[in-house]
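Working notes for the structure below.
The values are calculated or read from the model by the stated rules, or taken from the named source; none is laboratory data. In this text, all values refer to a predicted model and were calculated from it rather than measured experimentally. Cβ coordinates were reconstructed from backbone atoms using ideal geometry, including for glycine residues, and neighbour counts include every protein chain displayed.
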Amino acid sequence: MKKIGIITLVVLTCSAFVCALSLPAFAEDQNTYPDVGSEYADRGYLIVSPNRLMFDGVLEPLKSYSSSFRAINVGGAPITFDLTVEPFSVTNETYEAVYSEPSNRTRITDWITFPGGKEFTLDPQEDVEIIVRVNIPRDAIGGGQYAAVMANIHAPVEGTSSPFQATARIAIPLFSTVKGDIIFKGAIISHDSTAFTFSPIIKTSTILENTGNADYSAKYHLTITSAWNNEITYEDTQEKLILPDTKRIFEQNWDSAPALGFFNLEQQVTDFQKERKGIHGTMATVRATELEK
């Protein structure tokens, strides 16, 4: 676990000026369906749950593995969709998703099948469980493999020879690790915390790098306490995946800080957590440099 920084901050009223006084030494599943209102009373509205697929453990060649998600029509009319598989990767430090660039890390797109079929029509409030099966070939490359299952939503086309056209699609990213030469390697390469600001927001920004060939998990825990009595005034924990050969920036902020107050800020980043894959590792300790007073 890395203690990235403990910073004492003061927030002044009116200008909301924040000053660093000292630094002694870095999922998401939907459980309820949305109320889509009258806008979709006469058409379908498709949602999926969960919004990503995680294949736990290390997948072995010549074996098959299955996962599933539910597709639900919460609209007021039937909806038709089919399933395809696209390569999944990210670009830049903000992790913008890309579904069009195959690589050695997206070969799993050729290993995925749908035993229950690829085309579906759901009536209003109807749902279906969709099985996603992965068949690992003998020559599979060890390390992370990533894809996206696409639910392509269709609408009828009048006056054409084609009965349907795709109008939208939902991407369900798929994450897995294949047995073989698996390398977990990474580092915290940058960390910044609020020193001065003119709005009541306390900010932290951390960049992690993955130079291995499999994803790892990073848990970010932000604690802000009162400088007067050391009571916790704000606390937040989030977990993010860091994909191979990428750098990821993550901001963890207190957006509703009061207009007046003295605070101690501490962010801890626990990286290289592989509990979901049954693998554990550690990285070198990184400390923030001392801020000027």
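Among the residues that make up the range 271-293, is at least one of them modelled with pLDDT of 85 or more and in contact with a Phe, Trp or Tyr (Cβ under 8 Å, 6 or more places away or on another chain)? Before the answer, list the steps.
At the first step, the residues of the range 271-293 found to be modelled with pLDDT of 85 or more are none.
Scanning the range 271-293, I find no residue that is modelled with pLDDT of 85 or more and in contact with a Phe, Trp or Tyr (Cβ under 8 Å, 6 or more places away or on another chain), so the answer is no.
So which of A151, A147 ends up being among the hydrophobic types (A, V, I, L, M, F, W, C), touching a helix residue (DSSP H, G or I) at 6+ places or on another chain (Cβ under 7 Å) and not assigned by TED's automatic domain parsing to the domain that holds L241? Explain how you work it out, then say what you get.
On the way: A151 fails: touching a helix residue (DSSP H, G or I) at 6+ places or on another chain (Cβ under 7 Å).
Of A151, A147, the one residue that is among the hydrophobic types (A, V, I, L, M, F, W, C), touching a helix residue (DSSP H, G or I) at 6+ places or on another chain (Cβ under 7 Å) and not assigned by TED's automatic domain parsing to the domain that holds L241 is A147.
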* Structure fact -> The condition of being β-branched (V, I, T), over 14 Å from the mean Cα position of the chain (by Cα), at pLDDT 90 or above and under 16 Å from Q268 (Cα atoms) holds, among I207, I224, I202, only for I207
* Asked: Can you tell me which residues in the range 129-166 are among the acidic types (D, E) and either closer than 16 Å to S64 by Cα or modelled with pLDDT under 95 (or both)?
  -> D139, E158
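Tell me, which strands (runs of 3 or more DSSP E) wholly within the range 4-108 include 1 or more residues that are modelled with pLDDT under 60, out of contact with any helix residue (DSSP H, G or I) (no Cβ under 8 Å at 6 or more places or on another chain) and buried (at least 18 other Cβ atoms within 10 Å of the Cβ)?
Working: elements: 18-22, 46-49, 53-59, 64-73, 79-87, 89-91, 96-98.
Where strands (runs of 3 or more DSSP E) fall fully within the range 4-108 and carry at least 1 residues being modelled with pLDDT under 60, out of contact with any helix residue (DSSP H, G or I) (no Cβ under 8 Å at 6 or more places or on another chain) and buried (at least 18 other Cβ atoms within 10 Å of the Cβ), they are 18-22.
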* **Residue, surrounded by the most Cβ atoms within 10 Å (Cβ to Cβ), within the range 246-267, restricted to residues that are under 16 Å from the mean Cα position of the chain (by Cα) and of a type outside the set (V, I, T)** => R248
